[in-house]
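Have a look at the structure below, then the notes.
The values are calculated or read from the model by the stated rules, or taken from the named source; none is laboratory data. Please read these numbers as outputs of a predicted model, since none were measured by experiment. So basically every Cβ, Gly included, is an ideal-geometry build from the backbone, and we count neighbours across all protein chains shown.
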Amino acid sequence: MTDKKTILIIDDEPDTLTYFSSLLEDNGYKTVTAGDGGAAIERVKECLPDLITLDITMPEKSGVRCYRELRENEAWRAIPVIMVTGISGDFRNFISSRKQVPPPEGYLSKPVDEAELLNLVRKLVKAEH
């Protein structure tokens, strides 16, 4: 039985999925991936991850819709979410000001800095226990 923390990586860019998975697995985490918001919800149901990285701009179900679904579900509400986006800081202000859902626990701008991602993941996974 392993006690590795599971991180769900949601992104429609295969290169990003590979990069994040490799980086996180090299640092002792188990990763699960999803290429869009619809698949992401299925993965959450299957594995109940310890943390989620969520791309905002995706086809099918957007990251914003996926995020809202995560926060509206009582069983998933406490899972920390890091929003990953190439969109400007204006988006961060926008999503943080929404009354329907609390702001995400973290933000990363693309291109993602390796050290910044790892530091944020460590902090958020540790904070939950």
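Computed values, structure above
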| quantity | calculated |
| --- | --- |
| Residue that is surrounded by the fewest Cβ atoms within 10 Å (Cβ to Cβ), among those in the stretch 21-48 that are within 20 Å of L124 (Cα to Cα) and among the acidic types (D, E) | D26 |
| Selected residue [surrounded by fewer than 16 Cβ atoms within 10 Å (Cβ to Cβ), at pLDDT 90 or above and of a type in the set (A, V, I, L, M, F, W, C)] from L124, L118, L51 | L118 |
| Every pair of residues 6+ apart whose Cβ atoms lie under 8 Å, when the first sits in the stretch 1-20 and is surrounded by fewer than 17 Cβ atoms within 10 Å (Cβ to Cβ) while the second is among the aromatic types (F, W, Y) | K4/Y29 |
